Amino acid sequence: MAIPPEVSGHYQPNNANAEFPYWAKMATWSVHEASAVLVGLNPHFAKDHTLGYGREANKYAVRFYGLLELARRAWDQSEIDYPATPANWLDWAKKRDLPIFPVLEKEIDRWRTFKTPGETIRIGELEAKNARLEFDLSKAKSADTKSIGARERDSVLKLIIGMAVAGYKYDPLAQKNDAIRDITGDLEKHGVPLADDTIRKYLRAGADLLPPKSKDL
């Protein structure tokens, strides 16, 4: 006499129907087990080249072998997330738009978040390691940003002072510079206006990067 699913679940009865609550509790599924359970077949009845004898088992044959081929290729191509938990097999089946028994999905989802003490410890260790790596990466990015920013600023200032001296006859030592007025006017003509004080500030900063002989021009 078969035991109703609602009162079983801690073992697999000796019949062709998969006991979903039982298989959902498994830590992992093999390719054969996943192929069988997903079509509702007791994996103990599923063989490599033949199913268990009897009319009840044979009715699963076409579905089982079809899914077995898909599952084998998916496993070979690493489409199944490691480890091959029931939840990972279920997720793969959903991505492939395969029919899913609602009872099986419910049972797998019930155990999806279950973690053994060892897994909990390992997850904590990985989270701590990840936090340290993120902190180190953040510090490295910050240092790189500051270093690159300083180099870029000096390059831009050199470009500005070079063009000002060569193109506008800017004299860093002069008390009054018509060059600033000319630069302001040209910028306005081209639609990129800047205040005189802003231009003067950057020209003075750029002048500090000139070699001594250039400052004496």
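The values are calculated or read from the model by the stated rules, or taken from the named source; none is laboratory data. Just so you know, these numbers come straight off a predicted model, no measurement behind them. Here the Cβ is made from the backbone with ideal geometry for all residues, glycine too, and neighbour counts use every protein chain on show. Accessible surface areas use protein heavy atoms only, side chains included; no ligands, DNA or RNA. Shrake-Rupley method; radii C 1.70, N 1.55, O 1.52, S 1.80 Å.
Here are the numbers for this structure:
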read-out	value
Solvent exposure of the stretch 61-205 as accessible area per residue, Å², 1.4 Å probe	74 Å²
Thr113 accessible area, assembled protein chains, probe 1.4 Å, Å²	110 Å²
Area of Phe101 that stays accessible when all protein chains are in place (1.4 Å probe, Å², to 10)	80 Å²
Sites Trp75 and Ile121 - FRET efficiency at Förster radius 41 Å, r taken between beta-carbons, to 0.05	0.90
Candidate residues Glu19, Glu79, Glu134: accessible-area rank, largest first, probe 1.4 Å	Glu134, Glu79, Glu19
Asn17 long-range amide H proximity, modeled H, under 5 Å	Asn42
Solvent accessible area, Å² - Lys106, 1.4 Å probe, full protein context	150 Å²
Filter on Lys59/Lys94; Lys25/Lys129; Lys139/Lys201 - keep pairs with C-alpha separation over 27 Å	Lys25/Lys129; Lys139/Lys201
